[in-house]
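The values are calculated or read from the model by the stated rules, or taken from the named source; none is laboratory data. The model shown is predicted, which means the values in this text are computed figures rather than measured ones. All Cβ positions, glycine included, derive from the backbone under ideal geometry; neighbour counts span all protein chains shown. In case anyone asks, the SASA skips ligands and DNA or RNA and just uses the protein heavy atoms, side chains included. Shrake-Rupley method; radii C 1.70, N 1.55, O 1.52, S 1.80 Å.
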Amino acid sequence: MESFQTLPPPSHLSPFALSFLDHKFHTKLTLAEAPSFVAELQTQCSDLDRILSGLNRRLGSGLAGYASFSGEIHGFFGDVDVRLNNLSSTCSSTVVPDGKSGKGFREELAALAKEVAKFETVRVYAETALKLDTLVGDIEDAVSYTMSKNLRKHSSDQNSEEMRLLAIKTLKTTEEILTSITRTHPEWKQLVSAVDHRVDRALAILRPQAIADHRALLASLGWPPALSGLNPAYSDGRTANHVSNPLLSMQAELKLKYSENFLALCNLQELQRQRKGRQLEGQNRELALRQPLWVIEELVNPLSLASQRHFSKWVDKPEFIFTLVYKITRDYVDAMDELLQPLIDEAKVAGYSCREEWISAMVTSLATYLAKEIFPSYISQLDEESVTGVQSSARISWLHLIDLMIAFDKRIKSLVEHSGILLSFDDDDILQKISSLSVFCDRPDWLDLWADIELGDSLDKLKPDTEDESNWRKKVEVVILSSSTDDHKSPLVSGAFIRHLASVVERCRALPRVTLRSRFLRLAGVPIIRKFYDSILIRCQEAEGLTALTDDAAVIKVAISINAAHYFESVLNEWSEDIFFLEMGMDQDDKTELSSSTNIDGEGLPESSGRVIFDDEIKKLEEFRKEWVEKISLAILRGFDVRSRDYVKNKKQWQKAEEGWTVSKTLIEALDYLQGKMSVVEVDLNSKDFVGVWRSLAAGIDRLIFNGILISNVKFHNSGVERFGSDLDVLFGVFGAWCLRPEGFFPKASEGLKLLQMDENRVQECMAGGKRWLKENGMRHISVTEAEKIIKSRVFTS
């Protein structure tokens, strides 16, 4: 039978020992565990003895090193003292007779000062290195202690936590010294590098331990809560107040323990952030320093894993996935804000909002699941469809998923703003953190696929609208607010194209980065505009090919296409003033400038700054309008030319008057044709382009009359001049319906008539004055040669 040593009387034991024994052996049954407890105490004592021996060895070697180094420093300063004494005796016994000796003295004194400074630097370096070695040693000991305690089955959590806090505190002190060295002694790179290497090894052990302890604590608190009570079918907020939250139901002791653990993890992350900031000084620090909060990630990760067990059942019902994630995010966000934000502030973790971090972490977990599970499943369906050639619902499912993501992101944004802090959503980094569409940031090939599906869907819906002829005849209804408001007279089909393009633009707005928006619009939006352009161009070419725009139906068809282009162009111009489109243009300019900056010859530089994404398409539509407005004008001018040919070629008619007629009979048909065609064009063409038609036509008729009559060796008698003036008055009257001074749009004919109407004296003045006389009399559109030719055609009779 084993014999046990009797304990000494209680009066001979310390209060701590009595309390310890009472706690361990409070009943008779626990006495049976005494042998195992003794063995555990012996193991702990041997471990402590081993650690103490190691510390004694390190202390001895440190003291020996310090003593050796101190001896060297003492020797250095002894040498300095000897040299100073020698210098003092030299100064007292020597008189400096000339400048040369004085110069040598100054040089020796400067050299001595340099030696003293060098020794001082060595001393500071040695003290700093020794201090850092001591601090890093303390860190390594604390980390080693916490690791050995974690390996034991029975250990004191309190002692382990105290040692971790001590390690973090020492790490902060070490980091402050390293930061100071980096600023004041950048040449001590090797010392900083050596310390960083040892600290990094300690942190590689400390962080996983701290996170593992935090996870264990959360599990003991009952986190994550059960998701069975979160029914995705009810997400309207009626049950938000009834959701159980283990963090709110903690007792005082547990709450204190959780707070201490929370603060320790925050302090450790802040320390890591400071170290990273020092190491990345002068580089792109913001990207590396802005990391998610570890404490929030540890709350979200187990919730995400628990949620994914439900997600796997809802691959074909993704709306349930988004509803559940939103419900979890919303139901716990206020508690996170109220309970954890004060701890974040206490830990002095700068620039973090607990509310935003919680929402961001939840959205990131959803985006990760979508990227790993949902999108690959949909893509495999699309691949199968492309192989078999059988149309399936894969594209519809894809677009439905995008609709859900956009709707989810809108609700998340409102949830972030609910805190009363308006986020700057122009910041791409913030948008990416709270957007499920951030999956496309890392997968541009998926973005291209989405754009292709979106474009195909839009074009399929536009096809029946384009082929329906009634959509080309009926006009878009617009409210004319004032006389200055432009009535585009646009057909319904242009409104259909605008609606589908606007839908693509609206979906594009949800993307979290400017580069993604720009790429998506170029792939899905620009082709819609080009399809519209091709449609109106084909219709115009068909009309021109059939009748060369000689009949009214062909002119009307072209006029409708011009109206459609004008309406589309005006909408795009209006959109282009929006900052949403301007920033995409600026982003594209930046890329162009960056790519061309390496070009030595300066070739390929951007034409102008401030371009918008639709600039090329707007320019094409504008050129299309100008081209076909000119073609309508030319077609009418050709008809006018044919019908006025007899009038122009009849040179004898200007020698006599035509009795009983206010206008030449041979001009009536041409004027009637002109008035009829212009009335058709005026009814069917928008007002802006109609102005272009009649001005171009006026310029053409002006050239026709000037070249065909005024400078064609015609002889004008007095009656002929009156007749020519009457004809021009009637012609001007046709154009007088659209302007106040129509003669201003027939400059050559008007000035030619002025010359014909001059008397002989004025004619002589004109012949003598030349170009100067023409300018003084307001004739700037005809040359001296042309004026002389017209004057010579004038026949004066008494």
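If the condition is being open to solvent by 30 Å² or more (accessible area, probe 1.4 Å), aromatic (Phe, Trp, Tyr) and touching a residue at least 24 places away in the same chain (Cβ under 8 Å), then region 311-326 contributes only PHE320.
Would you check which residues across region 164-199 are assigned to a helix (DSSP H, G or I), within 17 Å of LEU130 (Cβ to Cβ) and touching a Phe, Trp or Tyr at 6+ places or on another chain (Cβ under 9 Å) and list them?
Scanning region 164-199 gives ILE181, LEU191.
Restricting attention to region 646-681, the residues that are polar (S, T, N, Q), touching a residue at least 12 places away in the same chain (Cβ under 8 Å) and open to solvent by 20 Å² or more (accessible area, probe 1.4 Å) add up to 5. Do the conditions hold for ASP684, that is, is it of a type in the set (D, E, K, R), in contact (Cβ under 8 Å) with a residue 60 or more places away in the chain and in contact with a Ser or Thr (Cβ under 6 Å, 6 or more places away or on another chain)? For ASP684, the condition - of a type in the set (D, E, K, R), in contact (Cβ under 8 Å) with a residue 60 or more places away in the chain and in contact with a Ser or Thr (Cβ under 6 Å, 6 or more places away or on another chain) - is not met. Taken over region 705-733, the criterion of being under 60 Å from the mean Cα position of the chain (by Cα) and buried (at least 18 other Cβ atoms within 10 Å of the Cβ) is satisfied by ILE705, PHE706, LEU731, PHE732.
Conditions tested, residue by residue: (1) assigned to a loop (DSSP other than H, G, I, E, B); (2) modelled with pLDDT under 75; (3) not hydrophobic (A, V, I, L, M, F, W, C).
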| position | (1), (2), (3) |
| --- | --- |
| THR6 | yes, yes, yes |
| PHE20 | no, yes, no |
| THR43 | no, no, yes |
| ALA64 | no, yes, no |
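Every condition in (1) buried (at least 20 other Cβ atoms within 10 Å of the Cβ); (2) at pLDDT below 95; (3) within 22 Å of TRP575 (Cα to Cα) holds for TRP472 except the one numbered (3).
Give the residues of region 689-718 that are in a helix (DSSP H, G or I) and farther than 21 Å from SER783 by Cβ, sorted by residue number. Those that are in a helix (DSSP H, G or I) and farther than 21 Å from SER783 by Cβ: ASP689, PHE690, VAL691, GLY692, VAL693, TRP694, ARG695, SER696, LEU697, ASN718.
Of all residues in region 743-798, how many are within 60 Å of the chain's Cα centre (by Cα) and surrounded by 16 or more Cβ atoms within 10 Å (Cβ to Cβ)? Residues meeting the conditions: 11.
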